[in-house]
Amino acid sequence: MVDGEKAPAPALLQLETLLALGLDQRTAENALVNSKVTANLAAVVAEAGITGCDKSVGNLLYAVATKYPNNALVHRPALINYIVSTKIKNPAQLDAALSFLTNTGPESLDIGKFEEACGVGVVVSIEEIQSTVAEVLKENMEAILEQRYHINVGGLCGQVRKRHPWGDAKATKEEIEKKLAEILGPKTEADNVKPVKKKKEKPAKIEEKKVAVATAAPPSEEELNPYTIFPQPEENNKVHTEIFFSDGNIWRAHNTKEILEKHLKATGGKVMTRFPPEPNGYLHIGHAKAMFIDFGLAKERNGHCYLRFDDTNPEAEKKEYIDHIQEIVKWMGWEPYKVTYTSDYFQDLYEHAVELIRKGLAYVDHQTAEQIKEYREKKMDSPWRDRPIEESLKLFEDMRRGLIAEGAATLRMKQDMQNDNKNMSDLIAYRIKFTPHPHAGDKWCIYPSYDYAHCMVDSLENITHSLCTLEFDIRRPSYYWLLVALGLYQPYVWEYSRLNISHTMMSKRKLNRLVTEKWVDGWDDPRLLTLAGLRRRGVSATAINSFIRGIGITRSDNSLIRVDRLEYHIREELNKTASRTMVVLHPLKVVITNLEDGKVIDLDGKKWPDAPADEASSYYKVPFSKTVYIEKTDFRVKDSKDYYGLAPGKSALLRYAFPIKCTEVIYGDNPDDIVEIRAEYDPSKTSKPKGVLHWVAQPAPGVEPLKVEIRLFEKLFLSENPAELEDWLGDLNPHSKEVVKDAYAVPSLATAVLGDKFQFERLGYFAVDTDSTPEKLVFNRTVTLRDSYGKAGPK
């Protein structure tokens, strides 16, 4: 409560009090006739310590009074303080806060995670809103031009809100309406006519009255099927892109009728895509998005997707990576049409290079890498750019035969050195490398560049949709320049936003450094968002694909997806599939003094909350004996009202067992060293303590419980976006991994095998690790129980 001010007592709540909160007359009057709402409002106003406020704050306080979860009342004053101080200032933030508090319940509030979950301190500028509105309108332009002012503005606002959940809703709506007016101009008479709703024909007989229920707006076609944005193969005769030259010349890249007909004949009109990883490391979650788009589009259109290894750099590629990629693609649920290699086409690529030289569109160059960079910056031609065609042909043949030293010559495409797009500045097509190739052997000592090979192999494989991330957008002119120059079939190119996730690293180069310098425990370290790391952590391919589908396929760039959103999808699946069991991480011994020595009671623990009660497979056995173990954190010497664990003279319920009451505390050599608790159990279960504890008991007198190793993981980096930091290694979280060597588990866990996943009650979801041995099981925590992304997250 604010010093010097006295809030109205709950019993004295009057209409004037509610109006002073900014509530409208009707809302205030309706609240006063509902005794439950009145009581809640009175308590909220008292906790807020205010006699009046502006409308935005008042509406949020009213929402707290009507929506606040009963299991977290202890935290309501804290939430109200956030609202009154305008740290939480819009309904979206409040909804996220309520969801977070519902999951937290009466336990202590982690302020940092709470503020992160509901966007405290996040400022969405008007410029960001304007930029996102422009993107959304562009994506919906066809519908806007068709429906004009009858377009669903609320739906457009919702699309902006998905990308900026904490943005100003009013400013968003005003910006959309302003831009619609600019696009559509003044309203016509037709715009002012309300669309006629089609009346449904009434059935001849009504057997029973149907209760009307409010239904949510149906999902858009794109939400149901994210691949609707892509054209059909037969439409691939439109202009793909315009290639602008510095002399004013423009190439409008598109397939001629003859080329397209030849292509459609070869493919049977099917969609043909490719997933083209470079085999120089393990795949990460960004590749999962590429797979979802490449394989997913082909599957949705009943087409085919190649797994093509882009193996043009023999120095960085290993068979280990090739084997891993093939295995992980299958694990992700995708089946390649064919597995191919860019090196399969080395002969074709060489012959096209010779053709390019003959056309006067390529030349052998002798500049060093530094000289090439300097000349590009100054827009200067290489001294060898205009050498005779026959001379370049002979030199290129010498390069192929290994007669020229490595680094002494390259083959460059003759594009446009004066172009503002540096990707048109005579890109390198071939370089010399006296390195055997993992797939092609030692046949070649010249290797094509990505810029030369990528588009060519797309064309040779008759790819219909060449899909890549947005950083390749500026390479599109050079992609089509080469295909137009050689008169080859041109695939449809479309770039999508790359996947950026908070608190992690997505650069394969930096991931490689983390692994090779042993900052992490290999490519499959569970802290990494490599697909091998996620799998080892206990994440399924289904959860990853669900997350990818949820974020959609868009061209919105530079958006950072919170890792909480991925965890939401992981948690959603594990909640349905992981069986429950009990493990104690840091055991505190509890001796049950009123249970006779040697007695062991076999109890039933439920594997799933909604499992059928009459089926034996729904349960696992939990022995209850004279010596049980609880978490050290579940006992306090000093009790408090908001604490539900065990304390001297206080009772708590052991999950699936009995209430126990602490009767004595046994200390070690100092007052802070508690070595044992003495307690009595209530076999009749007449006492009803609020606190429920997980526990593990000795399975037989004097026999220690099953010991397991538990590995607890946190975010690998402290900063949300470590990629932006110069000293990104200095941002590594020193507490990202905690190993609990000797946790106690119930006996039934002894039969767990690799692939098994569990919910350790009150601790989180865990999976068996590959380091497990017959002597000792090792479990990785996949994700915690609490969901900071919120129950309102996408399904």
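Scanning the stretch 320-378 for residues that are charged (D, E, K, R), within 27 Å of Ile389 (Cβ to Cβ) and either without any contact (Cβ under 8 Å) to a residue 12 or more places away in the chain or in contact with a strand residue (DSSP E or B) (Cβ under 6 Å, 6 or more places away or on another chain) (or both) returns Glu351, Asp365, Lys373, Glu374, Lys378.
Sub-8 Å Cβ pairs linking a first residue in the stretch 57-86 that is in contact (Cβ under 8 Å) with a residue 40 or more places away in the chain to a second residue that is among the polar types (S, T, N, Q) and open to solvent by 20 Å² or more (accessible area, probe 1.4 Å), at least 6 apart or interchain, are Tyr62/Thr27, ordered by first then second residue.
Yes/no per residue for (1) open to solvent by 20 Å² or more (accessible area, probe 1.4 Å); (2) closer than 29 Å to Tyr644 by Cα; (3) under 21 Å from the mean Cα position of the chain (by Cα):
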| position | (1), (2), (3) |
| --- | --- |
| Lys87 | yes, no, no |
| Asn90 | yes, no, no |
| Ala97 | no, yes, yes |
| Asn103 | yes, yes, yes |
| Leu109 | yes, yes, no |
| Gly112 | yes, yes, yes |
| Glu116 | yes, yes, yes |
| Val122 | yes, no, yes |
| Lys138 | yes, no, no |
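Please verify whether Lys170 is surrounded by fewer than 13 Cβ atoms within 10 Å (Cβ to Cβ), farther than 30 Å from Leu73 by Cα, touching a residue at least 12 places away in the same chain (Cβ under 8 Å) and of a type outside the set (A, V, I, L, M), treating the condition exactly as stated. So Lys170 fails the test.
Within the stretch 683-718, take every residue that is acidic (Asp, Glu) and in a loop (DSSP other than H, G, I, E, B) and give me the one that is farthest from Phe779 (Cα to Cα).
Of everything passing the filter in the stretch 683-718, Glu704 is farthest from Phe779 (Cα to Cα).
The residues of the stretch 634-655 that are without any contact (Cβ under 8 Å) to a residue 60 or more places away in the chain and assigned to a loop (DSSP other than H, G, I, E, B), listed by number, are Arg636, Val637, Lys638, Asp639, Ser640, Lys641, Tyr643, Gly645, Ala647, Gly649, Lys650. Restricting to the stretch 445-495, name every residue that is closer than 19 Å to Gln232 by Cβ and open to solvent by less than 20 Å² (accessible area, probe 1.4 Å). Listed by number, the residues that qualify are Asp458, Ser459, Glu461, Ile463, Thr464, His465, Ser466, Leu467, Tyr489, Gln490, Pro491, Val493. Counting only helices (runs of 4 or more DSSP H) that sit wholly inside the stretch 504-615, those with at least 3 residues that are more than 27 Å from Thr228 (Cα to Cα), at pLDDT below 95 and open to solvent by 10 Å² or more (accessible area, probe 1.4 Å) are 508-516, 563-577.
For the stretch 772-791, the criterion of being open to solvent by 30 Å² or more (accessible area, probe 1.4 Å), acidic (Asp, Glu), modelled with pLDDT of 95 or more and out of contact with any helix residue (DSSP H, G or I) (no Cβ under 7 Å at 6 or more places or on another chain) is met by no residue.
Considering only residues in the stretch 300-340 that are polar (S, T, N, Q) and farther than 19 Å from Thr542 by Cα, the one that is surrounded by the fewest Cβ atoms within 10 Å (Cβ to Cβ) turns out to be Asn302. For the stretch 721-738, the condition holds for no residue, the condition being that it is under 22 Å from Tyr620 (Cβ atoms), in a strand (DSSP E or B), touching a strand residue (DSSP E or B) at 6+ places or on another chain (Cβ under 8 Å) and among the aliphatic types (A, V, I, L, M). Screening the stretch 407-432 for residues that are among the charged types (D, E, K, R), open to solvent by 30 Å² or more (accessible area, probe 1.4 Å) and modelled with pLDDT of 95 or more and picking the one that is nearest to the chain's Cα centre (by Cα) gives Arg431. Hey, does the stretch 376-387 have a residue that's within 40 Å of the chain's Cα centre (by Cα), among the charged types (D, E, K, R) and assigned by the TED database to the domain that holds Pro279? Yes: one or more hits.
The values are calculated or read from the model by the stated rules, or taken from the named source; none is laboratory data. If you're wondering where the values come from, they're calculated on a predicted model, not measured in any experiment. Positions of Cβ are backbone-derived with ideal geometry, glycine not excepted, and every protein chain shown enters the neighbour counts. Note: accessible area is taken over every heavy atom of the protein model, side chains too, but ligands, DNA and RNA are not part of it. Shrake-Rupley method; radii C 1.70, N 1.55, O 1.52, S 1.80 Å.
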